[in-house]
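Novice: Structure below; questions to follow.
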Amino acid sequence: MQRKKIVAGNWKMNTNLESARTLANNISKALEQNPTETVDVILAPPFPFLGTVAGVAEEKYAVAAQNMSQHEAGAYTGEISADMLQSLGVQYVILGHSERRAYYGETNELLAEKVQKAIESDLVPIYCIGESLEERKSNQYLAVIEQQLSVALFDLSEEDFGKVVIAYEPVWAIGTGETATPEQAQEVHAYIRKLIQEKYNETVAEATSLLYGGSCKPGNAKELFAQEDIDGGLIGGAALKAEDFTAIIHSF
Ligand code: PEP
């Protein structure tokens, strides 16, 4: 099975109602002028603007939330449920971004619950993994990746696992301007695919979309996306400029 090529833009805690609408409109217009048939485009604006951004999508892109509660509903002040996201037309949810792991204490165990809840609710999880600089320097990065994958994803049935998108985002490359080299990224992507093959099988491993994230820009996207096991990107900073984001989409 041919795996999907995906470029997703994580807007993080940026934009307001007006600038979110403008950015979504500009991306939409750019995709109208220069359409892509082979790449699934996803925009992940902040929660309050999900409905607005979904409203201007016209099937040119899908919409993702940046986080979600593991709970169904109830007394969880400030939390956002899968059902709320569904009702806004959201199709994907980013889970386990390194900023959520680092600043909000999200663990692999919690993320296993969130992934499960997303799948039950027909939202596609974009599950993020990646090592810190110390973990890379001390040569522990593959062990960290293995742990993040196995705890949060490897209890899923084969069918459910097939619904997950994985993003490898080395923490040292996020927002730092320092990108993993194509070889460094490919090494980890190939390792992730090998783990999936060992846990499930070759067919599942070949069908899983693996995105790279970490200072991906128009200038380096082509080389990264040319790697055998890199199926697209999760883009932070460069996703806030329609021109840069669409240039990345067209880097395949
Ligand atoms: C991200 O936060 O997912 C990300 C990849 O950020 P940046 O592209 O800015 O490094």
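The values are calculated or read from the model by the stated rules, or taken from the named source; none is laboratory data. Just so you know, these numbers come straight off a predicted model, no measurement behind them. No Cβ is skipped: glycine too gets one built from the backbone with ideal geometry, and neighbour counts run over all protein chains shown. Accessible surface areas use protein heavy atoms only, side chains included; no ligands, DNA or RNA. Shrake-Rupley method; radii C 1.70, N 1.55, O 1.52, S 1.80 Å.
Novice: Please work out if ALA221 is surrounded by fewer than 24 Cβ atoms within 10 Å (Cβ to Cβ), among the hydrophobic types (A, V, I, L, M, F, W, C), within 17 Å of THR36 (Cα to Cα) and within 14 Å of the ligand (Cβ to nearest atom).
Specialist: no
Novice: Could you grab me the full set of residues in region 107-152 that are free of Cβ contacts under 8 Å to residues at least 40 places away in the same chain and assigned to a helix (DSSP H, G or I)?
Specialist: GLU120, LEU133, GLU134, GLU135, ARG136, LYS137, ALA143, VAL144, GLN147
Novice: Still on this model: Restricting attention to region 228-237, which residues are near the ligand (Cβ under 9 Å from one of its atoms) and either farther than 22 Å from LEU17 by Cβ or β-branched (Val, Ile, Thr) (or both)?
Specialist: Across region 228-237, the qualifying residues are GLY233, LEU234, ILE235.
Novice: Could you please let me know if ALA20 is within 18 Å of the chain's Cα centre (by Cα), open to solvent by less than 30 Å² (accessible area, probe 1.4 Å) and at pLDDT 95 or above?
Specialist: no
Novice: Could you grab me the full set of residues in region 68-111 that are among the small types (Gly, Ala, Ser) and either out of contact with any Phe, Trp or Tyr (no Cβ under 9 Å at 6 or more places or on another chain) or open to solvent by 50 Å² or more (accessible area, probe 1.4 Å) (or both)?
Specialist: ALA73, GLY74, ALA75, GLY78, SER81, ALA82, SER87, GLY89, SER98, ALA102, GLY105
Novice: Taking interchain pairs and intrachain pairs at least six residues apart, which have beta carbon atoms under 9 angstrom, with the first residue in region 153-175 and closer than 24 Å to ASN10 by Cα and the second more than 16 Å from the ligand (Cβ to nearest atom) and of a type in the set (Gly, Ala, Ser)?
Specialist: Close Cβ pairs (under 9 Å, with a partner that is more than 16 Å from the ligand (Cβ to nearest atom) and of a type in the set (Gly, Ala, Ser)) amount to LEU153/ALA112; GLY162/ALA207; LYS163/ALA118; VAL164/ALA118.
Novice: So which residues in region 177-212 are open to solvent by less than 20 Å² (accessible area, probe 1.4 Å) and at pLDDT below 95? Let's see the steps before the verdict.
Specialist: To start, the set of residues in region 177-212 that are open to solvent by less than 20 Å² (accessible area, probe 1.4 Å) comprises 180, 182, 185, 188-189, 192-193, 195-196, 204-205, 208-212.
Residue satisfying the conditions is ALA180 alone.
Novice: Restricting to helices (runs of 4 or more DSSP H) lying wholly in region 1-104: which have 1 or more residues that are within 16 Å of the ligand (Cβ to nearest atom) and without any contact (Cβ under 8 Å) to a residue 60 or more places away in the chain? Give the steps one after another, and end with the answer.
Specialist: Numbers: elements: 17-33, 50-55, 82-87, 98-104.
Filter on region 1-104 gives 98-104.
Novice: If you check ALA62, ALA8, which single one turns out to be open to solvent by less than 10 Å² (accessible area, probe 1.4 Å) and closer than 24 Å to ILE248 by Cα?
Specialist: Exactly one residue qualifies, and that residue is ALA8.
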